[in-house]
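One structure below.
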Amino acid sequence: MSKAFFVTGTDTGVGKTFASCAMLEAAKSKGLSTMALKPVAAGAEIVDERKTNEDALQLQAHMSLELPYEQINPVVLDAPTSPHIAAHIEGRKVDASRLLGYCRGALLNRPDFALVEGAGGWRVPINNRETLADLAKLLDLPVILVVSLKLGCLNHAILTAEAIANDGLTLAGWIGNRVEAEPMEYESEYIASLKGALKAPMLGGLPFSAKSAPVEAAAEIDLSALDL
Ligand SMILES: Nc1ncnc2c1ncn2[C@@H]1O[C@H](COP(=O)(O)OP(=O)(O)O)[C@@H](O)[C@H]1O
Ligand SMILES: [Mg+2]
């Protein structure tokens, strides 16, 4: 059976892509077929004469299905900023229903395990009316929250979990990610507090990886709570 999840984070740069790649590797090692989408990305570079986004390329490198780039990342905007600003600069319109169409199309590939990576955090605007949460709602997928283990993460994680619940979606699990070489002070107390506050299983605690290697981090992920 194909199971898909929406991946959000407590902020931008918290390791959504890193953790997604680690989850893809963890699922692959269980013999599952995998796919990950980045429906809208802000921040482009030209690779092989094609406009691409680094997150989407990383997801593509770690998933098992071989899909054309456009299916993985249908909307790539130039400016590395909020999607609604990046789209406005280019005179483009991004809206949740169109992103939904792209995602639904790609999900027809029916991998055993699929991820849809958001951009920024839960409430990042995609236009003047909608945020990326509107796409998550239309997709109606359970959510995986990536928490970067740093000062302030309790507030960010609890607020995000509240917003997900208020939007009528289920938090399926969360991942604690060490984005800095030095663990935060009182890390174990923070993890215990997150476990108490977030009504969902912790799927793993990812170590800081100097080589930024999701394959190594995959060993720290336990997807069993997701019932794949
Ligand atoms: N556990 C980790 N160890 C080392 N580097 C990490 C780790 N998690 C994330 N990073 C690095 O931090 C940066 C932001 O991570 P990324 O996954 O791109 O965040 P997001 O997708 O939430 O914006 C990237 O350069 C990434 O390689
Ligand atoms: Mg990312």
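Just so you know, all these numbers are worked out from the coordinates, no wet-lab data involved. None of the values given here were measured: they were computed from a predicted structure. Cβ coordinates were reconstructed from backbone atoms using ideal geometry, including for glycine residues, and neighbour counts include every protein chain displayed.
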*Residues being of a type in the set (Lys, Arg) and closer than 14 Å to Thr10 by Cβ: count how many of those fall in the stretch 153-200.*
1
_the stretch 12-41, residues that are basic (Lys, Arg) and either more than 10 Å from the chain's Cα centre (by Cα) or within 16 Å of Asn177 (Cβ to Cβ) (or both)_ = Lys16, Lys28, Lys30
*asked:* Just to be sure before I move on: is Gly9 touching a residue at least 24 places away in the same chain (Cβ under 8 Å) and either within 30 Å of His156 (Cα to Cα) or away from ligand 2 (no atom under 13 Å from the Cβ) (or both) in the structure I sent?
replied: yes
*Residue by residue through the stretch 100-126, note down the ones that are buried (at least 16 other Cβ atoms within 10 Å of the Cβ) and either more than 26 Å from Ala225 (Cβ to Cβ) or more than 16 Å from ligand 1 (Cβ to nearest atom) (or both).*
Leu100, Tyr102, Cys103, Ala106, Leu107, Pro111, Asp112, Phe113, Ala114, Val124, Pro125, Ile126
_Sole residue being surrounded by 15 or more Cβ atoms within 10 Å (Cβ to Cβ) and free of Cβ contacts under 8 Å to residues at least 40 places away in the same chain, chosen from Asp134, Asp140_ = Asp134
*Only one of (1) within 16 Å of ligand 2 (Cβ to nearest atom); (2) of a type outside the set (Asp, Glu); (3) farther than 19 Å from Arg123 by Cβ; (4) not in a helix (DSSP H, G or I) fails for Gly31. Which number is that?*
(1)
*asked:* Condition (residue is in contact (Cβ under 8 Å) with a residue 12 or more places away in the chain and touching a Lys or Arg at 6+ places or on another chain (Cβ under 8 Å)) applied to the stretch 81-94: is it met by at least one residue?
replied: yes
*From the list Val7, Val14, which residue is part of a strand (DSSP E or B) and within 13 Å of ligand 1 (Cβ to nearest atom)?*
Val7
_When residues of the stretch 57-91 are limited to those that are touching a Gly at 6+ places or on another chain (Cβ under 9 Å) and either part of a helix (DSSP H, G or I) or acidic (Asp, Glu) (or both), the one nearest to ligand 1 (Cβ to nearest atom)_ = Pro83
*Considering the stretch 34-55 alone, what residues qualify as being surrounded by fewer than 23 Cβ atoms within 10 Å (Cβ to Cβ), within 16 Å of ligand 2 (Cβ to nearest atom) and not charged (D, E, K, R)?*
Gly43, Ala44, Thr52
*Find the residue count for the stretch 18-33, including only residues that are within 27 Å of Arg98 (Cβ to Cβ) and crowded, with 24+ Cβ neighbours inside 10 Å.*
5
